[in-house]
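> Dropping the structure in here first, questions after.
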Amino acid sequence: MTPLISPLRDGLGQLTNIHYSATNTPDVSFAYDRLGRQTTIAGGQGTRTFTYNDALQLASELSLISNQQFEITRQYDAYGTPQPVMLTVASPIGMTYYHPMASMKMIGRMIMLEASVMLLAMPIVGHAQLFPFITNGSAITGDKGFGSDKIISVPAVVPSQFTYVTNGNTVTLTKYTGAGSTVTIPGTIDDLPVTSIGNGAFSGCTRLSNVTIGKNVTSIGSNAFADCTSLFTVMIGNNVTYIGDWAFHNCSRLNNLTLGNRVAYIGEVAFAHCTSLTSVTVPSSVRSIGVGAFSSCSSLASVTIENGVTYIGHWAFNHCTSLSRMTIPDSVTSIGYKAFLDCTSLTSVTIGYGVRSIGDWAFAGCTSLTSVNFKGNTPGLDKFVFYNDDKYLSNTR
């Protein structure tokens, strides 16, 4: 029979103790440094200690079990990307290693793992079997004893990577404190769905390279990932409906972006200055592309706006200097002020039947523009809509 478990947390919501009702099962305790990073896990037969480098990344994990010891050391390249890990075993203790990513070499008592992802299993807590799972610096513990396969201590890893608040029956992540460069936003914490990524939760996390948004997340807050200058890949799940203002502003290495099919709103300056982004598809679920949403994405060469979008905001794509062709779908009714200002590589534009208004300077400074095709009636145009577009204007005289 699985014993009852009572988790204790500190004032920041970080798990500090797991108490088992069974008298023969020792408690498990957790400690953190002033930045909220997990420093020790202790209980039963052993202790695990975590240390961090000057870049706040996980550097080593030392485990002591009775008189046996092993240490995992981690290294990172100049961009903060994890390199192959090394596991040193002080004595042959008969542990079981599961490593699906690469082969393992045994040299005397030295074990070399030729990959950055490893799954290690070992008993550590008395009568129960507490297993640490190690994946790119994330430590998750789970109960494999008493005939149960349920992972019981996901809250133990979540505080070491995130701080969060509960809002009734849902969870909002408020800060990422982990060391890993690849992050998957969890679907649940404490059996409650993680529905929101709070304002500034990952802001300025320069070591972060890949993010997958969890299946229950519906809202990404303002500045949530702003200035994550190493962020390369973002996959936004199909339940996300709202992307806040400045959410991914100045993610200068962002190259792979997938927007889920339920996004309704893309906030102001949400992806502005993502200078490595080369293509984007705005799904039909979006109604409004916010002011400056993709402004100054200088490598953005391909933009697909699906039928369903009704408004393209002011400055939405201005200074996208690699954009060469643009098709405005029939669902769009309004194109904002300076929406495509200074898109200097833009050669042709097709404007759908539904467009009723085009803001001043909307296509001004598009010096390569030679063709504009209005599928419907041409709306009233201010004289500055195509200002300084000499090639196009010469063709219309």
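The values are calculated or read from the model by the stated rules, or taken from the named source; none is laboratory data. Quick caveat, the model's predicted, so the values are computed rather than measured. Cβ sites come from the backbone with ideal geometry, for glycine too, and all protein chains shown count toward neighbours.
> Among the residues of the stretch 163-173, are any closer than 19 Å to Phe248 by Cα and surrounded by fewer than 18 Cβ atoms within 10 Å (Cβ to Cβ)?
no
> So which strands (runs of 3 or more DSSP E) are wholly in the stretch 1-94 and hold at least 2 residues that are modelled with pLDDT of 75 or more and either under 28 Å from the mean Cα position of the chain (by Cα) or among the aliphatic types (A, V, I, L, M) (or both)?
Because the criterion is at least 2 residues that are modelled with pLDDT of 75 or more and either under 28 Å from the mean Cα position of the chain (by Cα) or among the aliphatic types (A, V, I, L, M) (or both), the strands (runs of 3 or more DSSP E) in the stretch 1-94 that meet it are 5-9, 15-20, 28-32, 38-43, 46-52, 58-65, 68-73.
> Do you know which of the residues in the stretch 251-269 that are assigned to a loop (DSSP other than H, G, I, E, B) and either aromatic (Phe, Trp, Tyr) or within 14 Å of the chain's Cα centre (by Cα) (or both) is farthest from Arg287 (Cα to Cα)?
Filtering first and then ranking leaves Arg253.
> Could you look through the stretch 196-217, keep only residues that are crowded, with 19+ Cβ neighbours inside 10 Å and polar (S, T, N, Q), and pick out the one that is nearest to the chain's Cα centre (by Cα)?
Ser209
> Sticking with this one: Looking at Val194, Val183, Val211, Val171, can you tell me which residue is within 26 Å of Arg34 (Cα to Cα), touching a Pro at 6+ places or on another chain (Cβ under 6 Å) and not in a loop (DSSP other than H, G, I, E, B)?
Only one candidate qualifies: Val194.
Let's see how each residue does on (1) free of Cβ contacts under 8 Å to residues at least 40 places away in the same chain; (2) hydroxyl-bearing (Ser, Thr, Tyr); (3) within 15 Å of Val385 (Cα to Cα):
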site: Tyr311; (1), (2), (3): yes, yes, no
site: Asp330; (1), (2), (3): no, no, no
site: Ile335; (1), (2), (3): yes, no, yes
site: Thr344; (1), (2), (3): yes, yes, yes
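> Would the stretch 232-250 turn up any residue that is in a strand (DSSP E or B) and within 27 Å of Leu381 (Cα to Cα)?
Within the stretch 232-250, none of the residues are in a strand (DSSP E or B) and within 27 Å of Leu381 (Cα to Cα).
> All but one of (1) in contact with a Pro (Cβ under 8 Å, 6 or more places away or on another chain); (2) of a type outside the set (A, V, I, L, M, F, W, C); (3) within 22 Å of Asn256 (Cβ to Cβ) hold for Ser299; state the number of the condition that does not hold.
So the condition that Ser299 fails would be (1).
> Can you tell me how many residues within the stretch 312-343 are part of a strand (DSSP E or B) and crowded, with 17+ Cβ neighbours inside 10 Å?
Total satisfying the criteria: 5.
> Is there any pair with a first residue in the stretch 230-246 that is touching a residue at least 40 places away in the same chain (Cβ under 8 Å) and a second that is of a type in the set (Asp, Glu) and buried (at least 18 other Cβ atoms within 10 Å of the Cβ) whose Cβ atoms are under 7 Å apart and which are 6 or more apart or on different chains, and what are they?
Every condition considered, the pairs that remain are Asp245/Glu268.
> Among the residues of the stretch 223-239, is any within 30 Å of Ser60 (Cβ to Cβ), surrounded by 18 or more Cβ atoms within 10 Å (Cβ to Cβ), of a type in the set (Ser, Thr, Tyr) and out of contact with any Phe, Trp or Tyr (no Cβ under 8 Å at 6 or more places or on another chain)?
no
> Given the condition surrounded by 22 or more Cβ atoms within 10 Å (Cβ to Cβ), assigned to a loop (DSSP other than H, G, I, E, B), aliphatic (A, V, I, L, M) and touching a Lys or Arg at 6+ places or on another chain (Cβ under 8 Å), answer yes or no: does some residue in the stretch 347-355 qualify?
No, every residue in the stretch 347-355 fails to be surrounded by 22 or more Cβ atoms within 10 Å (Cβ to Cβ), assigned to a loop (DSSP other than H, G, I, E, B), aliphatic (A, V, I, L, M) and touching a Lys or Arg at 6+ places or on another chain (Cβ under 8 Å).
> Pick from Cys274, Cys205: which is modelled with pLDDT under 95 and hydrophobic (A, V, I, L, M, F, W, C)? Reasoning before the result, please.
Numbers: Cys274 fails: modelled with pLDDT under 95.
Of Cys274, Cys205, the one residue that is modelled with pLDDT under 95 and hydrophobic (A, V, I, L, M, F, W, C) is Cys205.
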